[in-house]
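Below you'll find the structure, written out as structure tokens, and then a few comments.
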Amino acid sequence: MIAMPQIAPAEADSADEIEALFDRLWPLLRSLTGEGVRATHDILSEYLPLQRIEVPSGTRVFDWTVPQEWVVREAYILAPDGRRLFDVAENNLRLVNYSVPFRGALRRSDLEKHLYSRPDMPDAIPYVTSYYAPRWGFCLSENERRALPEGDYEIVVDTELKDGALTLSEAVLPGLETDEVLIWTYTCHPSLANNELSGPLAAAMLYRRLAAWPERRLTYRFVFAPETIGAIVYLALRGDHLREHLAAGYVVTCCGLDTHFTYKRSRRGKTLADRAVVHALKTLGVEHRVRDFSPTGSDERQYCSPGFNLPVGSLMRGAYGDYPEYHTSLDNKALIDFAALRGTVDAYETVCRTLDRNLTFENLLPYGEPQLGRRGLYPTLGAPDQAERVQALMWVLNQSDGTQDVLSIAERSGLTVDQLWSAAIAAEGAGILRRVYVGQAMHA
Amino acid sequence: MIAMPQIAPAEADSADEIEALFDRLWPLLRSLTGEGVRATHDILSEYLPLQRIEVPSGTRVFDWTVPQEWVVREAYILAPDGRRLFDVAENNLRLVNYSVPFRGALRRSDLEKHLYSRPDMPDAIPYVTSYYAPRWGFCLSENERRALPEGDYEIVVDTELKDGALTLSEAVLPGLETDEVLIWTYTCHPSLANNELSGPLAAAMLYRRLAAWPERRLTYRFVFAPETIGAIVYLALRGDHLREHLAAGYVVTCCGLDTHFTYKRSRRGKTLADRAVVHALKTLGVEHRVRDFSPTGSDERQYCSPGFNLPVGSLMRGAYGDYPEYHTSLDNKALIDFAALRGTVDAYETVCRTLDRNLTFENLLPYGEPQLGRRGLYPTLGAPDQAERVQALMWVLNQSDGTQDVLSIAERSGLTVDQLWSAAIAAEGAGILRRVYVGQAMHA
Amino acid sequence: MIAMPQIAPAEADSADEIEALFDRLWPLLRSLTGEGVRATHDILSEYLPLQRIEVPSGTRVFDWTVPQEWVVREAYILAPDGRRLFDVAENNLRLVNYSVPFRGALRRSDLEKHLYSRPDMPDAIPYVTSYYAPRWGFCLSENERRALPEGDYEIVVDTELKDGALTLSEAVLPGLETDEVLIWTYTCHPSLANNELSGPLAAAMLYRRLAAWPERRLTYRFVFAPETIGAIVYLALRGDHLREHLAAGYVVTCCGLDTHFTYKRSRRGKTLADRAVVHALKTLGVEHRVRDFSPTGSDERQYCSPGFNLPVGSLMRGAYGDYPEYHTSLDNKALIDFAALRGTVDAYETVCRTLDRNLTFENLLPYGEPQLGRRGLYPTLGAPDQAERVQALMWVLNQSDGTQDVLSIAERSGLTVDQLWSAAIAAEGAGILRRVYVGQAMHA
């Protein structure tokens, strides 16, 4: 277990509570669209006040078109001996996602082209999708494939692609300022644990934490949507707004493992989003690695496309692709450490608090130091020990020229945003510092 | 002993001479104000032509007010057995600096609140001040405290706080240009050796060295004043002038130990002040460490306050707070190595020479190389060895485009400012380089 | 042998072919001027279509004057015993280059002042020149010097300095754009192998490689000239043109040893010239070292003089002065590895291809990702393996905002210019990327 300082009260979002929510979401058949997604959002709505947006099939969004809605009634194969194989009702991964309908008999050799397995992981059922090319197929383990007898198989793929809608949901937690933090996660993978449910679970718990803060300076926007097409749809809907208001955004995914944190930087690389995470992880003292942006990965790809280039990164535990169970049936509940997942919520809350406290001040007495002693901010006795509190005060006074934010003072001084923010609030109360409003959004 | 190349002639400011001056200054009771300071400056005036400035008590300087002048007539305690304890006449540190008058009898338990000792250093008498809150107190070692018998004590603190003045002194050594180098040191600590006298001693010796130079390009300003309030007063008096003319400044303090050099950067971090010290220390080949600016420390705090933000750093040996004897009676003569202190003067002289030689040139024959051979600047025989002198010449010719100063050429080439300056002067004599006047002050 | 991936077809410029050309050029008596240079350029003209430029003696070029042409008829010494010593007909290095005529008898002690040897390398004949001061002299090994008997010596230096011309030659290989790459090498050292012939040999072979490319975007300019004065003459002739058009330039010298590559940066240090070499060497996976610019060395000194400051570096194997045989008779054929020299041609070709492919694109669908699947650029099956080809495509799409060139995308992504260029050409073909013309010359 990675050591994590405990931030939330022990009763808040306990590991047990998270696990119970996991168990409810796990069996739902999620995809880009459809009832499984809606059922998922219904359950999440118990935790945060989601506003649902349904975008009709066929809607043009930039270079893309919203696909038809996928309906799965039943799907399985009858073996030559009559056994029912690969039933989607038993495991959502059995059916290639977005399979078109098919019903008929095939010999084993013809069936083979429709079967997907992983020779390198003979016990795992792979997760396979074919969203934009009409295919049907079943997923199975390599061992299952080898054991298939010769003969005729009966195929039942009772699915439908019909005009409907793509579902996404958002909840906005307002703050004193209109600058925003985006918490983005996806709900399109069926029965995958780390690379799906860890994200929505962490985001839902984080919402409750921030909602419980006595005050928020920034506005927090939580969104649940399918990966890729969902982000493109959302940028079509909210891209201009985000360009105006987004201070920092994060793709929440793959964050349920008991391993080091991984932060993947935004395309710009040194935005407030990036600096806040790096500072928060250092402050928490947790093991972490920072990797540069790359245009492969999750929805940071869309947010960081050159036409938007928004300050969006991703804070994970480990990373997609770095654990062998990724995109297979082995990415299941056994892999998740719910206490670690709660630690992820702690880390995100620390990131948000870092952002929220990242004020900018102007020193109203900038010529030499103010006389702090008579304001009760400095020990009147010149004896050899100077508290960290005094150091923090000296740093904010020295650096606050109306351009350096608290985070940059933290980066230079080695002190924490929390220490410096406290000192600055005290100095503001004493009339020495004045708060300067600086738009946090990059495009403001 | 840290190996130091010898710079000044052996007879100049010998370790013995410095020690003799130390012995005269040691017993004086210095404070923020008062006769001890004036006596100190009287003695220093034998070494450099100090102009005294007396700033009346009550004068407003930025956020501060010049305090009243402190007069000490006598101060001691009579023990229950009649022994005279903690007599300020025997050790200046015995009396809390700026103690208000008190005369009366106290039981040991009541006296305790007025006694200051260091449990972590049971043999040391701490140095304690209470400039801005009315207190009286005595300093003693923890062992002395433990040995105090029960009973009644007679307290005599015959001091006075009266309207008078705060004393500071300056001496300006003019150069060909009005850009200035500030040498700042403080004279407010009673009987402390490294964290007080090493500074004024080094500054006084440095003045004589620079006064003996055949020519100075820059102007050198030496100031002796109390710490903090003295710097604030001086900025009120000379801040606008320094903003116009200051090329580099240094707080000279804690520079008498036989240990590595420490350079603390200015707030801006990469000013000429900072670059000159780093180059000088490398050139001297002495062990040194460079630390970033922080707003705790000595008077660089005031010079680097955001309203001034001047290019002022501090070159020390070790640093305040890094040696356990700091701010106690153990910071005494035994700690000082007078040969090392003379080495500090060498280092400061090298810094000043680096600044003085940091000219900027323009190559008048910038298209290809000039033909140096026919000017006697290049060997006419193409045989394999090219002196460092030729290398230095090639570097100044190649880099001198009217924007690169000699120091930046030194930084890039690995050659010294002295080598490059000599080559440039030769090329200037040959009519190939022209001197370009570049204001050295940051705010010019 | 340093491992080099093989680039050119095995039959192109074989090590044997290079060696044969070496053997023809070796015996010619080259100097700043004269028939040896012309004979050298005549032979090179069999490999590339050189245009000869003859610049008359006495022509003023910037701070220099083109020297008189040097003619050598015969030069030797008759020993007291009648033996003929140090005959220039046997070894070009015997006569100090540009020796003035002399005929007469000298005693050994008077002769000594005209003899040059290297006490530190007793078997080597040094290479000595006296271009701009009238001298005569002979070069010999230290062992030969020690063996000279006392007595009278007969000196014959039948040379002439006469008005004539300085010879240089160029060949321009045109491309689609007028931005240029300069390949510069010198032909003024008599019978020196690595520090002379390796350069012209590599340049000639490189010309044939680039001429064989199906298409060139950039224009490639090859020049053969004497060192120093030749570069100054060439800058007088072509400096304004190069300022307009030069994208990158390289001094080709000392590149025939079987050792690591050395790249010496241009004065600016981070130009396209510098970045292309660093990328090419990394891509090739060969051992290499990068050193900063310095104004000593070869003709990069002239191209990087402050009046021109062109993007010119030098790619070598090892470096001048780093091998003990430098500028002596031991820098001969035995030192050269012709396969390694061919590897140098490979490296230069890779550098040129890197420059040629360094296009800049603009993503025409910059809002989110384009839907690559329906354009056949992305696998329609979401199964777990994504080819490098797809990664390269994602990178060029994400980064192409009209300002990032392919090389900068390579530097950020870790992919090669070749991979990214291929992906970009495919995306351009699909109408997703548009080529943006960006002048490659620094002064454009």
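All of the numbers you see were taken from the coordinates with simple rules; none came from a lab. It should be emphasised that the depicted structure is a prediction, and the values quoted were computed from it without experimental measurement. Note that we place each Cβ from the backbone using ideal geometry, even for glycine, and neighbour counts take in every protein chain shown.
Please report, for B:GLY429, the nm distances (one decimal) from its label point, 7 Å out from Cα along the beta-carbon direction, to the equivalent points in the remaining copies, shortest first.
6.9, 6.9
Between C:ALA171, C:ALA20, C:ALA203, find the one with the highest GNM mean-square fluctuation for chain C; connect C-alpha pairs within less than 10 Å.
Comparing C:ALA171, C:ALA20, C:ALA203 in a Gaussian network model of chain C, the most mobile one is C:ALA20.
Among A:LEU115, A:LEU95, A:LEU182, determine the one that fluctuates most according to a GNM of chain A built with springs between C-alpha atoms less than 10 Å apart.
Ranking A:LEU115, A:LEU95, A:LEU182 by mean-square fluctuation puts A:LEU115 first.
Between A:ARG108 and the same site in the other copies, what are the distances in nm, shortest first, taking label points 7 Å from Cα along the C-beta direction?
Result for A:ARG108, in nm, nearest copy first: 10.0, 10.1.
Grab the DSSP H runs of chain C that are 4 residues or longer, score each as -39,500 (n - 2.57), total them, divide by all residues and round the 222 nm result to the nearest 500 deg cm²/dmol. Numbers along the way, then the final one.
Working: 12 runs with 131 residues, N = 444.
Helix-only estimate at 222 nm: -9000 deg cm²/dmol.
Could you list, in their original order, any pairs among B:LYS282/C:LYS264; B:LYS264/C:LYS282; B:LYS270/B:LYS333; A:LYS270/B:LYS264; A:LYS282/B:LYS264; C:LYS264/C:LYS333 whose Cα atoms are separated by more than 31 Å? The partial results should precede the final answer.
On the way: B:LYS282/C:LYS264 25 Å; B:LYS264/C:LYS282 39 Å; B:LYS270/B:LYS333 35 Å; A:LYS270/B:LYS264 27 Å; A:LYS282/B:LYS264 25 Å; C:LYS264/C:LYS333 25 Å.
The pairs that break the limit, which is 31 Å between Cα atoms, are B:LYS264/C:LYS282; B:LYS270/B:LYS333.
Where is the GNM fluctuation largest for chain A (alpha-carbon springs, 10 angstrom cutoff): A:GLN51, A:GLN371, A:GLN302?
In the Gaussian network model the winner is A:GLN371.
Would you kindly work out, in nm and rounded to one decimal, the distances from the label point of B:LEU176 to those of the same position in each other copy, ordered shortest first, with label points 7 Å along Cα-to-Cβ?
So the distances to the same position in the other copies read 5.8, 5.8 nm.
Evaluated at 25 °C with a viscosity of 0.890 mPa s, what Stokes-Einstein diffusion coefficient in µm²/s does segment A:166-298 have when Rh comes from the Kirkwood expression over alpha-carbon pairs?
Using the Kirkwood radius from Cα pairs, D works out to 157 µm²/s.
Nearest-to-axis residue of chain B, judged by Cβ, for the B-to-C rotation, with distance in whole Å?
Here the value is B:LYS270, 11.
Amide H neighbours of B:LEU166 under 5 Å, counting only residues 5+ apart in sequence or on other chains, H built in-plane at 1.01 Å?
When sequence neighbours closer than 5 places are left aside, the close amide H contacts are B:VAL55, B:SER57.
So how long is each side of segment A:360-436 along the principal axes, counting just the alpha-carbon atoms, biggest first, in Å?
33, 24, 19
Out of the DSSP beta bridges found with both residues in the protein assembly as shown, what percent are antiparallel (nearest 5)?
Details: 129 of 192 bridges.
So the antiparallel bridges amount to about 65 percent of the total.
Any idea what Rg and Dmax come out to for chain A if you just take the C-alpha atoms, in Å?
Taking only Cα atoms of chain A, I get Rg and Dmax of 25.4, 94 Å.
Take every residue in peptide C:299-312, count the Cβ atoms of other chains within 10 Å of its Cβ, and give the average of those counts.
On the way: counts 1, 0, 5, 3, 1, 2, 10, 13, 6, 3, 3, 0, 0, 0.
So the per-residue partner count for this stretch is 3.
Which ³J(HN,Hα) values in Hz, rounded to whole numbers, follow from the phi angles of segment A:114-130 under the Karplus curve 6.51 cos²θ - 1.76 cosθ + 1.60, where θ = phi - 60° and Gly and Pro get x?
9, 10, 10, 9, 10, x, 7, 9, x, 9, 9, 8, x, 9, 10, 10, 9
Taking A:LYS113 as the anchor, which lysines have their alpha carbon closer than 26 Å to its alpha carbon, excluding any fewer than eight residues away along the same chain?
Within the straight-line cut-off, A:LYS113 pairs with A:LYS162.
Over the Cα atoms of segment B:239-370, what Rg and Dmax result, in angstrom?
17.1, 65
Counting only other chains, what is the mean number of Cβ atoms within 10 angstrom of the Cβ of each residue in peptide A:57-65? Please report the intermediate quantities before stating the final value.
Details: counts 0, 0, 0, 0, 2, 7, 12, 7, 2.
Average per residue, whole number: 3.
What is the packing order of peptides C:284-294, A:160-170, taking the mean over residues of other C-beta atoms within 10 Å and listing the highest first?
Details: C:284-294: 15.7, A:160-170: 19.1.
Result, highest mean Cβ count within 10 Å first: A:160-170, C:284-294.
Please determine, in degrees from 0 to 90 and to the nearest 10, the orientation of helix A:272-284 with respect to the longest principal axis defined by the Cα atoms of chain A, where the helix direction is its Cα long axis.
Helix A:272-284 sits at roughly 80 degrees to that axis.
Find the all-direction average of the projected area of the Cα convex hull for the protein assembly as shown, expressing the result in square nanometres with one decimal place. The partial results should precede the final answer.
Working: hull surface 252.8 nm².
About 63.2 nm², averaged over all directions.
Over segment B:80-209, what is the percentage of antiparallel beta bridges among all DSSP beta bridges, to the nearest 5? List each step's numbers first, then the result.
Numbers: 7 of 10 bridges.
Of all bridge pairs located within segment B:80-209, approximately 70 percent are antiparallel.
Inside 10 Å of the C-beta atoms of C:234-244, what's the mean count of C-beta atoms belonging to other chains?
Details: counts 1, 2, 2, 0, 0, 2, 0, 0, 0, 0, 0.
Mean partner shielding for this stretch: 1.
Local charge sum around A:THR228 (other residues, Cβ-Cβ under 11 Å, Lys/Arg +1, Asp/Glu -1)? Working shown, then result.
Numbers: positive: A:ARG301; negative: A:GLU227, A:ASP299, C:GLU369.
My count for the surroundings of A:THR228 gives -2.
Report for chain B the percent antiparallel among DSSP-assigned beta bridges with both residues inside it, nearest 5. Don't jump to the answer; show the numbers that get you there.
On the way: 42 of 63 bridges.
Within chain B, antiparallel bridges account for around 65 percent of the total.
Tell me, what does the Kirkwood hydrodynamic radius of segment A:38-166 come to in angstroms if you use every pair of distinct C-alpha atoms? List each step's numbers first, then the result.
Numbers: mean 1/r = 0.0611 Å⁻¹.
Result for segment A:38-166, one decimal place: 16.4 Å.
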